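The next block holds one structure in the form of structure tokens; read it before the comments.
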Amino acid sequence: MNAVMPLIDLRPPVEDMLSEVCRGLAQTPKRISSKYFYDARGSALFEQICAQPEYYLTRTELGILQQQIGAIAEALGPDVLLIEFGSGSGIKTERLLRGMRTPVAYVPIDISRSALRASAEALRQALPGVPIIPVCADFTQALSLPTAPRPTKRRVLFFPGSTLGNFSTDDALALLRRMRQVVGTGGAVLIGLDMKKSVERLEAAYNDAAGVTAEFTLNLLVRLNRELGADFAVDRFRHRARYNRLAGRIETHLLSQCRQQVSLDGQRFEFAAGEAMLVEYSAKYDQTDVERMASKSGLAVERVFSDAEGDFSLQLLSA
Ligand code: AVJ
């Protein structure tokens with residue numbers, strides 16, 4: 001049983017972290033993509049964030065998946081090919097697949113071969129009855145899906161965690177359009193979105209009292225020092241997460257505590273005292289926002305599953 005799981009390798013060009021980070025540091029205001037948060041330490045810190053009392057997102061989404069799995073599976077219908085952008089969210093994917101009566105197969109799509117292999121292997125152990133067809137590809141680019149092992153009624157793309165909120169408005173729309181294209185007419189997207197609520201609760205969720213989120217954000221600099229040979233003085237930066245009401249999103253910045261310089265790739269980047277570098281968006285939605293985004297990307301809201309307080313929602317958007 002040591003055979004390596006077959007993987008469909010579309011050989012995506014690997015993006016160059018060094019040049020992307022340098023480009024962001026040369027912009028005004030400076031910015032670094034939140035996708036670089038997730039090295040081993042960052043992923044472990046994110047797990048810790050999920051256990052903080054203020055960070056309600058993950059436990060609320062899991063609760064919806066647990067309590068309403070029957071209705072969710074029924075809304076998806078039988079003989080579904082389940083697709084995921086990203087390596088699979090472990091327990092959420094497992095919960096969904098277990099609830100679906102007759103999934104045709106599970107197709108995780110990720111640019112990282114190693115992450116794809118590890119998560120596909122773990123899921124195979126947990127759900128030996130479901131065929132898994134991992135595809136190594138860049139899901140922001142056009143791609144065609146492998147042939148399903150048996151006739152499929154509907155392709156459904158699962159995108160939990162309010163990960164869409166980490167994209168800019170334009171990039172989020174482009175991603176939803178890509179999802180629409182992958183599932184095809186008659187298909188659907190099941191997407192987890194964090195809903196608008198009081199500024200106090202939103203800001204508390206991104207500024208936990210134990211300081212785990214601050215450590216998570218600052219770990220980005222630790223990673224750039226280690227992997228790119230940068231020389232950020234990590235203790236001279238501070239985490240700040242604030243809700244931008246007009247944009248409808250939490251915006252996380254790293255604030256330079258003094259005037260300082262950072263060297264990277266033979267270049268020097270100057271930070272003013274108090275200068276804010278953008279490192280993350282976490283957009284929040286109301287149902288009108290969701291309907292507008294869906295219709296702009298060729299999708300329509302078919303069903304909404306949410307917790308009793310309406311804090312978080314799993315939206316079934318049909319293509
Ligand atoms: C898992 C990316 C959706 O934006 O809420 C948690 C990441 N950042 N705390 C989010 C995160 C700060 C999280 N996502």
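The values are calculated or read from the model by the stated rules, or taken from the named source; none is laboratory data. From a predicted model like this one, the values you see are computed outputs, not experimental measurements. For neighbour counting, all protein chains shown are included, and Cβ atoms are generated from backbone atoms with ideal geometry for every residue, glycine included.
Apart from one condition, residue 67 fits all of (1) more than 14 Å from the ligand (Cβ to nearest atom); (2) within 22 Å of the chain's Cα centre (by Cα); the exception is (2). Determine whether residue 312 is surrounded by fewer than 20 Cβ atoms within 10 Å (Cβ to Cβ) and of a type in the set (Phe, Trp, Tyr). Taking the combined requirement at face value, the residue does not satisfy it. Residue selection: residue 280 satisfies the criterion of being outside any loop (DSSP other than H, G, I, E, B), within 15 Å of the ligand (Cβ to nearest atom) and either modelled with pLDDT under 95 or surrounded by 21 or more Cβ atoms within 10 Å (Cβ to Cβ) (or both). Annotation note: of 256, 263, 318, 297, the sole residue that is modelled with pLDDT of 95 or more, loosely packed, with under 15 Cβ neighbours inside 10 Å and away from the ligand (no atom under 16 Å from the Cβ) is 263. How do the pairs read when you match residues in the stretch 25-44 that are at pLDDT 95 or above and outside any helix (DSSP H, G or I) with residues anywhere that are more than 14 Å from the ligand (Cβ to nearest atom) and hydrophobic (A, V, I, L, M, F, W, C), using Cβ under 7 Å and keeping only pairs 6 or more apart or on different chains? Short answer, once both residue conditions are applied: 29/276; 29/277; 30/277; 31/277; 32/21; 32/277.
Can you find, within the stretch 37-49, the residue that is nearest to residue 87 (Cα to Cα) among those that are within 12 Å of the ligand (Cβ to nearest atom) and surrounded by 15 or more Cβ atoms within 10 Å (Cβ to Cβ)?
38
Quick one: is residue 247 touching a helix residue (DSSP H, G or I) at 6+ places or on another chain (Cβ under 7 Å) and either within 16 Å of the ligand (Cβ to nearest atom) or more than 26 Å from residue 163 (Cβ to Cβ) (or both)? Taking the combined requirement at face value, the residue does not satisfy it. If you check residue 192 against the conditions, is it part of a loop (DSSP other than H, G, I, E, B) and either closer than 15 Å to residue 84 by Cα or away from the ligand (no atom under 16 Å from the Cβ) (or both)? The answer is no for residue 192. The numbered conditions (1) out of contact with any strand residue (DSSP E or B) (no Cβ under 9 Å at 6 or more places or on another chain); (2) modelled with pLDDT of 95 or more; (3) not hydrophobic (A, V, I, L, M, F, W, C) are all true for residue 90 except (2). Regarding the stretch 193-200, can at least one residue be identified that is surrounded by fewer than 17 Cβ atoms within 10 Å (Cβ to Cβ), among the hydrophobic types (A, V, I, L, M, F, W, C) and touching a strand residue (DSSP E or B) at 6+ places or on another chain (Cβ under 6 Å)? Within the stretch 193-200, one or more residues are surrounded by fewer than 17 Cβ atoms within 10 Å (Cβ to Cβ), among the hydrophobic types (A, V, I, L, M, F, W, C) and touching a strand residue (DSSP E or B) at 6+ places or on another chain (Cβ under 6 Å).
Here the condition is being modelled with pLDDT of 95 or more and either surrounded by 20 or more Cβ atoms within 10 Å (Cβ to Cβ) or under 23 Å from residue 41 (Cα atoms) (or both); of 231, 307, 286, it holds for 231 alone. In the stretch 198-231, of all residues being assigned to a loop (DSSP other than H, G, I, E, B) and more than 19 Å from residue 261 (Cβ to Cβ), the one that is nearest to the ligand (Cβ to nearest atom) corresponds to 206.
Criterion first (over 20 Å from residue 315 (Cα atoms) and not in a strand (DSSP E or B)) does residue 75 satisfy it? The answer is no for residue 75.
Answer yes or no as to whether residue 87 is among the hydroxyl-bearing types (Ser, Thr, Tyr), surrounded by fewer than 19 Cβ atoms within 10 Å (Cβ to Cβ) and either over 22 Å from the mean Cα position of the chain (by Cα) or within 16 Å of the ligand (Cβ to nearest atom) (or both). When the stated conditions are applied, residue 87 does not pass them. Sub-7 Å Cβ pairs linking a first residue in the stretch 182-209 that is within 19 Å of residue 172 (Cβ to Cβ) and modelled with pLDDT of 95 or more to a second residue that is assigned to a helix (DSSP H, G or I) and within 12 Å of the ligand (Cβ to nearest atom), at least 6 apart or interchain, are 191/164; 192/61; 193/164; 194/57; 194/165; 206/213, ordered by first then second residue.
Sort through 249, 240, 223 and tell me the only one that's modelled with pLDDT of 95 or more and surrounded by fewer than 17 Cβ atoms within 10 Å (Cβ to Cβ). Spell out the reasoning first.
Values: 249 fails: surrounded by fewer than 17 Cβ atoms within 10 Å (Cβ to Cβ); 223 fails: surrounded by fewer than 17 Cβ atoms within 10 Å (Cβ to Cβ).
From the options 249, 240, 223, the qualifying one is 240.
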